[in-house]
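To start, the structure itself, in structure tokens.
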Amino acid sequence: MTTALITGSTAGIGAAFARRLAADGHNLVLVARDTKRLREQATELHDRHGVEAEVLTADLATERGIGSVEERLGDKRSPVDLLVNNAGFGHKGAYLDVPMADELTMLKVHCEAVLRLTTAATRVMRDRGRGGVVNVASVAAFVPRGTYGASKAWVVQFTQGAARDLAGSGVRLMALCPGFVRTEFHERAGMGTDNIPKWMWLDADKLVTAALADLHRGRTLSVPDPRYKALMGVVKLTPRALLGGVSSKAGRKYGPKH
Ligand SMILES: NC(=O)c1ccc[n+]([C@@H]2O[C@H](COP(=O)([O-])OP(=O)(O)OC[C@H]3O[C@@H](n4cnc5c(N)ncnc54)[C@H](OP(=O)(O)O)[C@@H]3O)[C@@H](O)[C@H]2O)c1
């Protein structure tokens, strides 16, 4: 039996990964900040699928939280076969409307935690000659979309570069780039979603099925829906100035100055 560690497992895309991986018979290490919710999730997945589900409460915006997950990933007696770096959040508002402390928290969760957890996991995986890492980025990585998009662009670049360096080691890395997914993300950030057309919304369970198929195929980048694959094709051909005008507004609530 293999073990998967998922950060941000209690809601949205992370919860969909947990459901799918448990259904496929993987033991789980579930990571988020809310211990009660983690315990309920672990019990439910264990009862439904008969897998072991460990709970690891950690705030990935803190040194202590990142350190505790690094330690678990470095435990060679109970190795992790698949790491899903999924925990993340959005900001309400455009650049200069967001407090610097919140910007730095985003960099800590989206970049520093992803770097450190990927490194802790892949060191052990490389020694074992097998393993996989899915780093959840976003299609926002490819368009001008504030500091959120910038942090996700870092995730894509980092993941594809590390995948290249580890090619032939048996360790696979993939950046997953979803479009809009119905989760708690927008509500938590206090973002309005009225201006997002219905056809742009993706289902988290279908997204995860497509993502795991892409990982299995050895892709280092996954944009797992035909609608967004087509959109990304258009993005490549569109001047960035024009792109910025559209992409920076969709799904973001602006402050009074905008
Ligand atoms: N939804 C979208 O439209 C969309 C699109 C593209 C990419 N994404 C990306 O997908 C990932 C998952 O987002 P989602 O939409 O599933 O969001 P979500 O429904 O809000 O879930 C976020 C999860 O992350 C955990 N989390 C948040 N901050 C954390 C922290 N500091 N430390 C540990 N865990 C933390 C939350 O649990 P606790 O609160 O208990 O910690 C929760 O389990 C994110 O990286 C996001 O950027 C989302």
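Could you compute how much accessible surface residue 110 exposes when probed at 1.4 Å, giving the result in Å² to the nearest 10?
Its heavy atoms expose roughly 0 Å² to the probe.
How fast does the chain diffuse by Stokes-Einstein, in µm²/s, taking the Kirkwood radius from C-alpha pairs at 10 °C and 1.306 mPa s?
It diffuses with D of about 85 µm²/s by this estimate.
Helix 12-23 sits at what angle to the longest principal axis of the chain, using alpha carbons and giving 0 to 90 degrees rounded to 10?
With rounding to tens, the tilt is 30 degrees.
Might you work out the accessible area of residue 138 for me, using a 1.4 Å probe with all protein chains in place, and round it to the nearest 10 Å²?
10 Å²
Where does each of 202, 104, 237 land when they are ordered by accessible area, with a 1.4 Å probe and the largest first?
237, 104, 202
Treating cross-link reach as a plain straight distance, find the aspartates and glutamates whose alpha-carbon is under 16 Å from the alpha-carbon of residue 206, omitting any fewer than eight places away in the same chain.
By straight Cα distance, residue 206 reaches 24, 214, 225.
Can you give the accessible area of residue 19 in Å² (nearest 10), computed on protein heavy atoms with a 1.4 Å probe?
In the full protein context, residue 19 sits at about 110 Å².
For segment 88-239, state the average projected area of the convex hull of the C-alpha atoms over all orientations, rounded to one decimal in nm².
With the hull built on Cα positions only, its mean projection is 9.7 nm².
Give me P(r) over segment 1-122, computed from all C-alpha to C-alpha distances, binned every 10 Å, as integer percentages.
Reading the bins upward from 0: 14, 44, 30, 9, 2.
Against the longest alpha carbon principal axis of the chain, how many degrees, from 0 to 90 and to the nearest 10, is the axis of helix 226-237 turned?
Rounded to the nearest ten degrees, it is 50.
Rounded to a whole number, what % of the accessible area of the chain do carbon and sulfur atoms account for, probe 1.4 Å?
54 percent
Report the relative contact order of the chain, percent, no decimals, based on alpha-carbon pairs under 8 angstrom and at least 6 residues apart.
Contact order relative to length: 19 percent.
Which value in Å is the Kirkwood Rh of segment 46-86 over different Cα pairs?
About 11.8 Å, per the Kirkwood formula over Cα pairs.
The values are calculated or read from the model by the stated rules, or taken from the named source; none is laboratory data. As the structure is a prediction and not an experimental result, all values here were calculated from the model. Just so you know, the surface numbers come from the protein's heavy atoms only, side chains and all, with ligands and any DNA or RNA stripped out. Shrake-Rupley method; radii C 1.70, N 1.55, O 1.52, S 1.80 Å.
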